[in-house]
């Protein structure tokens, strides 16, 4: 008998357990779970937290910039379709790696939904994203699809390179561009708000990689966060976030911006000082700085367009 142990099978996804109790006696080879299980699996595989957060942020930015209800719905629908496609693509591509790492909490690795089904859903969401994006105009649609394409490139291989931060920068930076190019007159965004969004994306990339860092490195993923290691990530993450705060604070200077910058600086300093004794503190303070950046980004929505545009704020009418 061979002494080589068979690879361990990931524990079932927690949401799969109720379905497993409903299984009837079936012939060998039939699915373990009822037909509703893949639907739940698809919902979980889309990375619902980031999907909802990015969709809500961009829709809120569109509203603050002056898009009317119809325009906000178009923006939200396009971003939702794009985020669904990216989330499903990620889980489909990472399915084998997740199984090897024993990540039963992932819907595909945990047996809640098949990788092929998730991949088909990703392709369909991407197809739907194209007309929804171009409904806001050719420049806006192109800007958004460049960001979605960058996210797909990340999922399909850039994740494992030293340039893994680039798709995050492009993806986040494309969102205010998408909103601004959809405004009346197609004015385009201000440089500082696009740069701030890109920096926010870089910070999000570093923070997002930290929880799965060990598993990713064991699976051979060598993106920028994996090369930096936990200590490097905690040290570097506040820097792009603080730079984003500074741009948002001084792009249109006011008292709120100055207070936000002071608060973000204090949080970053606290994280640096306390991180040696409590390793989770820098991550928590980075999340708090990111929240300040998001609030400032929404507050600056009325100034998203370049100077000289007819777009002034909420009184502007949306031009589809």
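Points worth noting:
- Boolean, residue 248 is surrounded by 13 or more Cβ atoms within 10 Å (Cβ to Cβ), within 27 Å of residue 225 (Cβ to Cβ), at pLDDT 90 or above and in contact with a helix residue (DSSP H, G or I) (Cβ under 7 Å, 6 or more places away or on another chain): yes
- The residue list 139, 78, 119 contains one member that is at pLDDT 95 or above and either over 28 Å from residue 193 (Cα atoms) or not in a helix (DSSP H, G or I) (or both), which is 119.
- Residue count for the stretch 286-320 satisfying the condition of being out of contact with any strand residue (DSSP E or B) (no Cβ under 8 Å at 6 or more places or on another chain) and either on the phi > 0 side of the Ramachandran plot or at pLDDT below 75 (or both): 14.
- Condition broken by residue 232, with the remaining ones in (1) within 19 Å of residue 267 (Cα to Cα); (2) buried (at least 22 other Cβ atoms within 10 Å of the Cβ); (3) more than 17 Å from the chain's Cα centre (by Cα) satisfied: (2)
- Among the residues of the stretch 154-183, those identified as in contact with a strand residue (DSSP E or B) (Cβ under 7 Å, 6 or more places away or on another chain), in contact (Cβ under 8 Å) with a residue 60 or more places away in the chain and in a helix (DSSP H, G or I) are 176, 180.
- Any hit, the stretch 184-195, residues being on the phi > 0 side of the Ramachandran plot, in contact with a strand residue (DSSP E or B) (Cβ under 9 Å, 6 or more places away or on another chain) and at pLDDT below 95: yes
- Among the criteria (1) out of contact with any strand residue (DSSP E or B) (no Cβ under 9 Å at 6 or more places or on another chain); (2) exposed (fewer than 15 other Cβ atoms within 10 Å of the Cβ); (3) in contact (Cβ under 8 Å) with a residue 40 or more places away in the chain, the one residue 224 does not fulfil is (2).
- Residue match in the stretch 142-153 (condition: part of a helix (DSSP H, G or I), closer than 18 Å to residue 186 by Cα and more than 18 Å from the chain's Cα centre (by Cα)): yes
- Looking across the stretch 99-140 at every residue that is in contact (Cβ under 8 Å) with a residue 60 or more places away in the chain and farther than 21 Å from residue 219 by Cβ, the one that is surrounded by the most Cβ atoms within 10 Å (Cβ to Cβ) is identified as 136.
- Residue within the stretch 190-203 that is surrounded by 20 or more Cβ atoms within 10 Å (Cβ to Cβ), more than 23 Å from residue 284 (Cα to Cα) and touching a residue at least 24 places away in the same chain (Cβ under 8 Å) present: yes
- Filtered residues of the stretch 214-242 (kept if part of a loop (DSSP other than H, G, I, E, B) and closer than 17 Å to residue 157 by Cα): 219, 220, 221, 222, 223
- Residues that are in contact (Cβ under 8 Å) with a residue 60 or more places away in the chain and either crowded, with 19+ Cβ neighbours inside 10 Å or under 12 Å from the mean Cα position of the chain (by Cα) (or both), drawn from the stretch 51-62: 54, 57, 58, 61, 62
- Among residues of the stretch 74-85, those that are over 13 Å from the mean Cα position of the chain (by Cα) and within 11 Å of residue 56 (Cα to Cα), counted: 3
The values are calculated or read from the model by the stated rules, or taken from the named source; none is laboratory data. Note that this is a predicted model, so its numbers are computed, not measured. FYI the Cβ positions are ideal-geometry reconstructions off the backbone, even for glycines, and counts take in every protein chain you see.
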